[in-house]
Every structure is written in C-alpha cells, then in structure tokens.
1. Net charge around Leu136, counting only other residues with Cβ within less than 13 Å of its Cβ (Lys, Arg = +1; Asp, Glu = -1)?
2. Quick one: grab the alpha carbon gyration tensor of region 133-173, order the square roots of its eigenvalues as a ≥ b ≥ c, and give me rounded if a/c is under 1.5, else prolate or oblate depending on whether a/b is larger than b/c.
3. So how much slack lies between Cys177 and Lys87, counting 0.36 nm per residue of separation and subtracting their Cα-Cα distance, in nm?
4. What full-extension length gain, to one decimal in nm, is calculated for Gln79 and Lys65 as 0.36 nm per residue of separation minus the Cα-Cα distance?
5. What lysines sit close enough to Lys109 to cross-link, taking a C-alpha to C-alpha distance under 21 Å and skipping anything fewer than 8 places away on the same chain?
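Rule-based calculations on the coordinates, nothing more; no lab input. Values in this document were obtained by computation on a predicted structure and should not be read as measured data. Here the Cβ positions follow ideal geometry from the backbone for every residue, glycine too, while neighbour counts run over all protein chains shown.
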Amino acid sequence: MRGAPAGPAVTCRGRQTTEFGLVLQAWMASQSDSFINVFTVEEMMPHLQGVNGAVTKNLFLKDKKKKGLWLVSARHDRQVNLNDLAKKLGVGSGNLRFADEAAMLEKLKVGQGCATALALLFDQDRSVKFVLDRDLVEGGHEMVYFHPMTNAATMGLRPDDLLRFLKETGHEPILECFE
C-alpha cells in the first residue's frame, strides 16, 4: 500500500484526508453504502437494514496513567465496559477514558464520529493499540462493516481481509469478548 497514489479527498466533520483512496484500492472486494453524516450507532442503524454481516462501533480511548492510546472495535450491539476492559488490558480499573479529538486527528487523521479500524493506516509509529471484538473475526460473519474515514458511509470487509489489512499496517489486534 505504501507508495500508491492518493485517492480522492474525503471530508469528515470539515477535515479532509486524501489517502482515502489507498483503503479503497487495497480492499476492492469491499461493499460500501452511503448515507447522511451520523454520529452514533443509533443514527446509523436505520441506514444499514439490508447489510449482511456485523456492524461495528469504534471507541478511541486513552490510558489515563501511561498516556497510551487504544482503538476499540466491537459489534454495534455489544456493551463495552471501560472498567472491565481496562482490567483485561492491564491498565487498571478506571484508567481508560475517551481520548480527545485532537489526539484522534493527530494519530488517525479522523475526527469525532469517524473513528474506524481503517484509520490505523495513518498510525505510522504504531502507537495506537487495537482491541477487536473476537466475534467480528470468529463469529462467522460474511462481512464486517466500518466507517471508511467518513461517517457518511459504511464499508464492508470480509473478516480475513480485515485481519490482512491490520497485519499490513502493523497492528496486531488484541482479541476480546464483549457481551
């Protein structure tokens, strides 16, 4: 993917990224649906009634004590308890918080409402740790749906293609179960 020409610019909350085309070129087998800008899973779900697969929600978090950054992708209908997750990740209960938008813009090149595993492409120093709902890759889903750096669309990847993408970006997922 490195060295490929940048694709069309995409805007998310008034900010543009020109590298969006890299993701589209890398995963030609994907499916994409467009809709109006949405900022919550609840707003998004009516637009995705016909998709065959698992829809994700994505949380960009920081570790209060160590200042580490975490991106969590879970099925949209799963509860993500930050205290429980912090214990599982060894950062201590109560130490995971939502990171501010400036950190997300710096590391992932996306703003609020646009967090996505696909933005790990921009985490060149691999400082963002990635937590993935185990069900997304082991649950038998035909496709797994993420925002493609804009909250006005969703893009489906086969679970194996998602794992290949993560490997290519140097982000080994930490698989967790969310109920």
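1. Numbers: positive: Lys57, Arg75, Arg78, Arg134, Arg158; negative: Asp77, Asp133, Asp135, Glu138, Glu142, Asp160, Asp161, Glu176.
Summing Lys and Arg as +1 and Asp and Glu as -1 gives -3.
2. Details: a/c = 2.06, a/b = 1.18, b/c = 1.75.
The shape class here is oblate.
3. On the way: separation 90, 0.36 × 90 = 32.40 nm, distance 1.33 nm.
Contour length minus Cα-Cα distance gives 31.1 nm.
4. On the way: separation 14, 0.36 × 14 = 5.04 nm, distance 2.37 nm.
Answer, rounded to one decimal: 2.7 nm.
5. Candidates past the 8-residue exclusion: Lys57, Lys62, Lys67, Lys129, Lys167.
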